[in-house]
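Below is one structure, written out as structure tokens; comments come after it.
None of the figures in this text is laboratory data; all of them are computed from the coordinates on show. Just so it is clear, the structure is predicted and the values come from calculations on it, not from any experiment. Glycine gets a Cβ as well: all are built from the backbone with ideal geometry, and neighbour counts include every protein chain shown.
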Amino acid sequence: MLGDLAQHELVHNPDAGNPGVNEVFSNPWAFARDGADFLVTDAGANDLVRVHPDGTTETVFAFPTNTRSSEPVPTCGSGLRVGLTGRRSPW
């Protein structure tokens, strides 16, 4: 898989419109194959990015800024799931 997610974040910064989000930061965390492409959750950029076989990238979804209290939040061990129907879910 070839795709420069840090460059994608630098050029597009999909979460820049969220309150309190001004920095350019990339931390690819999990990926799943979706046909010939890969879907990558980027924990630093707060987005879901599609990486095509030729290395080009596109933003699929920018996660909103969610401010939570200090109560525990359930997690997903894989970080990203692609269901049998092709539905994608970051949880």
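Placing pseudo-labels 7 Å out from each Cα toward the beta carbon at Arg33 and Phe61 gives an inter-label distance of 2.2 nm.
Rounded to the nearest whole Hz, the Karplus-based 3J(HN,Hα) values (6.51 cos²θ - 1.76 cosθ + 1.60, θ = phi - 60°) of segment 4-13 follow the sequence 8, 6, 5, 5, 4, 5, 5, 7, 9, 6, with x at glycine and proline. By other beta-carbon atoms within 10 Å, ranking Asp37, Asp15, Asp54, Asp4 with the fewest at the front produces Asp54, Asp4, Asp37, Asp15. Summarising the amide proton neighbourhood of Phe61: residues at separation of 5 or more, or on other chains, whose placed amide H is nearer than 5 Å comprise Leu48.
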